[in-house]
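Enquirer: Here it is: the structure, laid out below.
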Amino acid sequence: QGPSPSVRRPRAMSKRHASSLGVEDGSPGYKQVPLLDGDEVDTDGMDDVSDVVCEALRSASAFDTDDEHVPAVVQFSAAFYFADKREGSLRVDIIRLGGLSQTCSVNFSTEDGSAKAGVTYKATSGRVVFQAGERLKSFNVPLIVNHIWAATLEFHVALSGPEDCSLGQYLGSCRVKVIDDNMFPSNKYCKQLKRGDVGSIAGALLFWEYFKLNFEAGGVAWRTVLALVLDQMQNLYHLALINCEAYLVNVVCKVSDDSEDQLILPSRLGTAYILAAVYIIPSALLHIWTLASHKMDIDGRSRLFLRTSLFRKYLNFSEASREAISAEDLQFAIIEEAGSAVSGYMAVLSLLQTLGKVLVSLYFVITKNPGAIWVVFAMPTTMFCWAFYRNYCSEIITSRAQVVDLSRHTKECCDNYELLTEYNLRPHANHTFMEKAEVLKEQVAKASFKKLNTEFVLEWTCPVFIGMYLVSAIHMVLSEKLRLGFFLATIHVISSMGGACMTVYSRAMGVVGTFKPLRNLTSFLNSETDLLFWKRRNRWRRKHTISLLNEPNAGKQSLDFDAIPLVCRGVGYQLPKVGEILRDVNLEIPQGRLVALMGPHGSGKSTFLRILGQRLMPSTGQIFVPSHLRVLHVRREAQILHRPLLENLTFGSPPDKAPDLPRMRAILRDLRLDKVLPVLEQEAAGMQNPDWMSSLTFSEQNLLGLARAFIMNPEVMILQNPCIHYLKDLSEHIEHLLVRQVQCRGLHLPEASESHRRPRTVVYTSTRDEEDPTADLFLSTKLSACQPLGKIAGVVQPWTIAEITWEPKPL
């Protein structure tokens, strides 16, 4: 379909805006660039896209650029790379934009992020040299293959030390996401976990797998071993005290001639001093160890590992997973259930220490008073049987569902406070809250009552057995068949064993209490992510971009990389319960253009822009955006963070670069946000104003979202109805700012560097009823009563205005 009579031709791309990449096949120094060998890339529709892009490049005379006077810019081919640990290595590409006639070089090195060198990957560094005519260099980063689960980890790769070239302003560094396809907490129950059948796995077995995973987390293993060893020192001290008590009664305090030979020192007073030192000195050493164990912070490290893993996993969820898991579930998992799982790990350590205490007590009874063996075996057995009956043969009471329900209701009321006020429903909301809080209270009281009865029976079991031993053994003491010291020490042992059994029960219940939260965490951490899709998408873009470097063009000398268009081929989108929304959309958008999308409400404009902005993936077809371009999708309603103003404005900017305050001030003035300039000055001076956002109106908050996008200055900006909240005067002013964004390749940047910056492309939804005179290209959508749902009546040709018509689903 040819251009319509009202087509406005886009501005011609000037020579000074062109940056060259590559030389012609047959020219001196030409080198064919290899594709990404071994990468799993979906090539469906790729040939069609390649033909379209190459034809657009030829039509734009993109191979006519003079190479000699264009500076060379070296950068990574993409801002993100995705790697699977099973691949063993990751290929990273460095591309040269601009002049190719000279040799240039640059250093590269890996830097730790959440992924650590020696654990997730092997540190890699070196220097690459681009010979004349070379456009691309690659190097491999070895990945460490193991079967230990980890959430998606990241590390960085940075360029430095450029020689005869300059680094790209935004892609001088890149981030690498390492995808882990292992199951949490291990692959032992992989089949059940992939089916989502977590309930079929025994709680104790699942906990054991988690225990091993946490043990292998960074820095936890050696701390755990050291804690287990040194915790037994307390048990040895306990054994020493029991023997000292028996020795004090049997020898030191027994004034008789036959005890003189058993004294440690010649005098009883000196021996008593020795016993006093045995009491005091180890106690001081154990206090020092307690402080040291607190500094090791096994509990804190384990909580940090699990909580950061939960949050990192959630940020990579697929859309279906985010719909299935609410914000309240995420908060409860991070704050409560992660803590419960780690408490189970710490309970095992405490349990092992307490079992050591029971063993040393048994050792004393067996060696010093064998007649009391029946007591030290019968009492723990009785307590164990009662605890087993109460916790495994009766109902287990939990309050998780009630806590989540109350939290959800609280959040809903806070988020919709104005709605409740407008409809006078605050009393109803309060009544509902009271009902839910009452249900939670009853559930907690029921669980507490059951726990109280169980522990009460356990507590009086110990006095019963002490009384039984006292009755059965006192006649042996009176007949001097059992020494008084051993008799009293045995009573002490029985009492301490009773306390130890209570501790064992408490710790065991702590472990059992983690089974249900751990099942929830397991389901959470094994939910579907979109990482594999983004990996395929990322490699498809990289492979397609690199393939353009090999395009032969006889008689031409170099390639204008900025002339590669954004391409949609056969793009369709449908929802399961709605049906087709888009079908067979085909268009090309040249870089450096301002594109206005027009049409009535409900005609699919928002969906199309979300697909173009890579927030939605098409059900069919392909969308190609050169891999070195950053794409930003800006929502209609801005999301302002409860953080300082400066942090909001620089949210999308490189974190390692100092904020350009003069440029920020100018952009804020452009958007008529002078009222926030004093706040910016305060924060620049180190002062904070936590209430700065309370004075902003709804429209001003949306303007602040636009300011954030302009400050980030992405190569491709997708805007959803940027003018819908404003009157005509301000709307036209914003449209002129979009024109300046495209023409100047960013707002308030040095004019001298304009020719060395990448073109800026803006696609936005226009609220006009007629063609926008400021735009370069138009896409208009119309509701068609005669066309079937999603049927495209026109095909968009590059550099033209086109009408795309489709019919929404009838009500």
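The values are calculated or read from the model by the stated rules, or taken from the named source; none is laboratory data. Quick caveat, the model's predicted, so the values are computed rather than measured. Cβ sites come from the backbone with ideal geometry, for glycine too, and all protein chains shown count toward neighbours. Note: accessible area is taken over every heavy atom of the protein model, side chains too, but ligands, DNA and RNA are not part of it. Shrake-Rupley method; radii C 1.70, N 1.55, O 1.52, S 1.80 Å.
Enquirer: Run down the lysines and flag those whose C-alpha is under 25 Å from the C-alpha of Lys605, throwing out any fewer than 8 positions away in its chain.
Expert: The qualifying lysines are Lys577, Lys728, Lys782, Lys791, Lys809.
Enquirer: Sorted by average packing, counted as other Cβ atoms within 10 angstrom per residue and highest first, what order do 704-712, 116-124 take?
Expert: 704-712, 116-124
Enquirer: Please give the per residue accessible area of segment 582-631, computed with a probe of 1.4 Å over protein heavy atoms only, in Å².
Expert: With all protein chains present, segment 582-631 gives 27 Å² per residue.
Enquirer: Would you count, across segment 406-517, every pair of lysines whose alpha carbons are under 16 angstrom apart, provided the pair is eight or more residues apart or spans two chains?
Expert: Within segment 406-517, the lysine pair count is 4.
Enquirer: To continue, here is another question. Binning every alpha carbon pair distance of segment 217-329 at 5 Å from zero, what are the percents per bin?
Expert: Bin by bin from 0 Å, the calculated values are 2, 9, 14, 11, 9, 9, 8, 7, 7, 6, 5, 4, 3, 3, 3, 2, 1, 0.
Enquirer: Using the Kirkwood formula on the Cα atoms of segment 665-766, what hydrodynamic radius do you get, in angstrom to one decimal?
Expert: Value: 14.7 Å, from the Cα pair sum.
Enquirer: What part of the accessible area of segment 305-382, given as a whole %, is carbon or sulfur when the probe is 1.4 angstrom?
Expert: For segment 305-382, the apolar C and S fraction of the accessible surface comes to 65 percent.
Enquirer: So how strong a dipole does segment 582-641 carry about its Cα centre when Lys and Arg Cβ are +1 and Asp and Glu Cβ are -1, to the nearest 20 debye?
Expert: Numbers: 8 positive and 3 negative charges, 33 e Å.
In debye, rounded to 20, segment 582-641 gives about 160.
Enquirer: Now, a different point. Mind pulling up the Rg/Rh value for segment 334-379? Radius of gyration and Kirkwood radius, both on Cα.
Expert: Over the Cα atoms of segment 334-379, Rg/Rh equals 1.30.
Enquirer: For Arg483, Arg86, Arg569, give me the order by solvent-accessible area with a 1.4 Å probe, most accessible first, ignoring ligands, DNA and RNA.
Expert: Values: Arg483 100, Arg86 165, Arg569 40 Å².
My answer, sorted largest first, is Arg86, Arg483, Arg569.
Enquirer: Between Leu304 and Cys385, how high is the FRET efficiency from 1/(1 + (r/R0)^6) when r is the Cβ-Cβ distance and R₀ = 60 Å? Nearest 0.05.
Expert: Once rounded, the FRET efficiency stands at 0.95.
Enquirer: Next question. For segment 144-255, what is one quarter of the convex hull surface built on the Cα atoms, given in nm²?
Expert: Taking the Cα atoms of segment 144-255, their convex hull projects to 15.4 nm² on average.
Enquirer: Here's something else I'd like to know. Starting from the Cα gyration tensor of segment 271-339, multiply each eigenvalue by 5, take the square root, and state the resulting semi-axes largest first in whole Å. It would help to have the intermediate numbers written out before the result.
Expert: Details: eigenvalues 484, 20, 6 Å².
Value: 49, 10, 5 Å, ordered largest first.
Enquirer: Also, quick follow-up: Using the Cα centre as the reference, give the magnitude of the dipole from point charges on the C-beta atoms of segment 69-148 (Lys, Arg: +1; Asp, Glu: -1; all else neutral), rounded to the nearest 20 debye.
Expert: Using only the charged Cβ atoms, the result is roughly 100 debye.
Enquirer: Using the Kirkwood formula on the Cα atoms of segment 332-478, what hydrodynamic radius do you get, in angstrom to one decimal?
Expert: Kirkwood hydrodynamic radius for segment 332-478: 20.1 Å.
Enquirer: Here is a further query. Of all accessible surface on segment 653-731 at a 1.4 Å probe, what whole percent is carbon and sulfur?
Expert: Looking at segment 653-731 in its full context, I get 56 percent from C and S.
Enquirer: Mind checking which lysines have their C-alpha under 28 Å from Lys137, skipping anything on the same chain fewer than 8 residues away?
Expert: Within the straight-line cut-off, Lys137 pairs with Lys15, Lys31, Lys85, Lys116, Lys122, Lys177, Lys535, Lys543, Lys556, Lys657.
Enquirer: With a 1.4 Å probe and every protein chain left in place, work out the accessible area per residue of segment 653-713 in Å², rounded to a whole number.
Expert: Working: 2960 Å² over 61 residues.
Heavy-atom accessible area per residue stands at 49 Å².
Enquirer: On to the next question. Accessible area of segment 506-550 with a 1.4 Å probe: how many percent of it is carbon plus sulfur?
Expert: Reported share for carbon and sulfur atoms: 52 percent.
Enquirer: Could you give the length gained on full extension between Lys441 and Asp181, defined as 0.36 nm per residue of separation minus the Cα-Cα distance, in nm?
Expert: Net length gain for the segment: 89.5 nm.
Enquirer: Please give the direction-averaged projected area of the C-alpha convex hull for segment 412-484, in square nanometres with one decimal.
Expert: Mean projected area for segment 412-484: 8.2 nm², to one decimal.
Enquirer: Order Glu588, Glu647 by their accessible area, 1.4 angstrom probe, all chains in place, largest first. Display every interim value, and only then the final one.
Expert: On the way: Glu588 10, Glu647 80 Å².
My answer, sorted largest first, is Glu647, Glu588.
Enquirer: Between Ser89 and Leu730, what is the label-point separation in nm under the 7 Å Cα-to-beta-carbon projection?
Expert: So the two model labels end up 5.6 nm from each other.
Enquirer: Follow-up. Determine how large the accessible area of Thr514 is when every protein chain is in place; take a 1.4 Å probe and give Å² rounded to the nearest 10.
Expert: Around 0 Å² of this residue is reachable by solvent.
Enquirer: Moving on. As an exercise, use a Förster radius of 51 Å and the Cβ-Cβ distance of Ile274 and Leu452 to find the FRET efficiency, rounded to the nearest 0.05.
Expert: 0.70
Enquirer: I want to check the label-to-label distance for Leu236 and Leu478. Put each point 7 Å from Cα in the C-beta direction and report it in nm to one decimal.
Expert: 4.2
Enquirer: Heavy atoms only, probe 1.4 angstrom, no DNA, RNA or ligands counted: give me Phe465, Phe384, Phe130 ranked by accessible area, highest first.
Expert: From most exposed to least exposed: Phe384, Phe465, Phe130.
Enquirer: For an R0 of 51 angstrom, estimate the FRET efficiency from the Cβ-Cβ distance between Glu216 and Glu459 and round to the nearest 0.05.
Expert: FRET efficiency, Glu216 to Glu459: 0.85.
Enquirer: Working from the pairwise distances between different alpha carbons, so that the mean of 1/r is found and then inverted, what is segment 272-414's Kirkwood radius in Å?
Expert: By the Kirkwood definition, the hydrodynamic radius is 20.4 Å.
Enquirer: With a 1.4 Å probe and every protein chain left in place, tell me how much accessible area His756 has, in Å² to the nearest 10.
Expert: 100
Enquirer: Let me ask something else. Normalised by the number of residues in segment 185-288, what is the relative contact order in percent for Cα pairs under 8 Å and 6+ residues apart?
Expert: Computed over segment 185-288, the figure is 18 percent.
Enquirer: Another question, if that's okay. Assign unit charges at the C-beta atoms only (+1 for Lys and Arg, -1 for Asp and Glu), then state the dipole size of segment 669-748 relative to its Cα centre in Debye, rounded to the nearest 20.
Expert: On the way: 7 positive and 10 negative charges, 34 e Å.
That gives a dipole near 160 debye.
Enquirer: Of Leu136, Tyr189, Cys174, which is farthest along the charge dipole of segment 113-235 in the positive direction, counting Lys and Arg as +1 and Asp and Glu as -1 at C-beta?
Expert: With unit charges placed on the Cβ atoms, the residue in question is Tyr189.
Enquirer: May I ask you to give the solvent-accessible area per residue for segment 135-207, in square angstrom, as obtained with a 1.4 angstrom probe?
Expert: Solvent-accessible surface per residue comes out at 43 Å².
Enquirer: Can I ask one more? Based on Cα coordinates alone, diagonalise the gyration tensor for segment 431-569, multiply each eigenvalue by 5, take square roots, and list the semi-axes in whole Å, largest first.
Expert: 77, 26, 9
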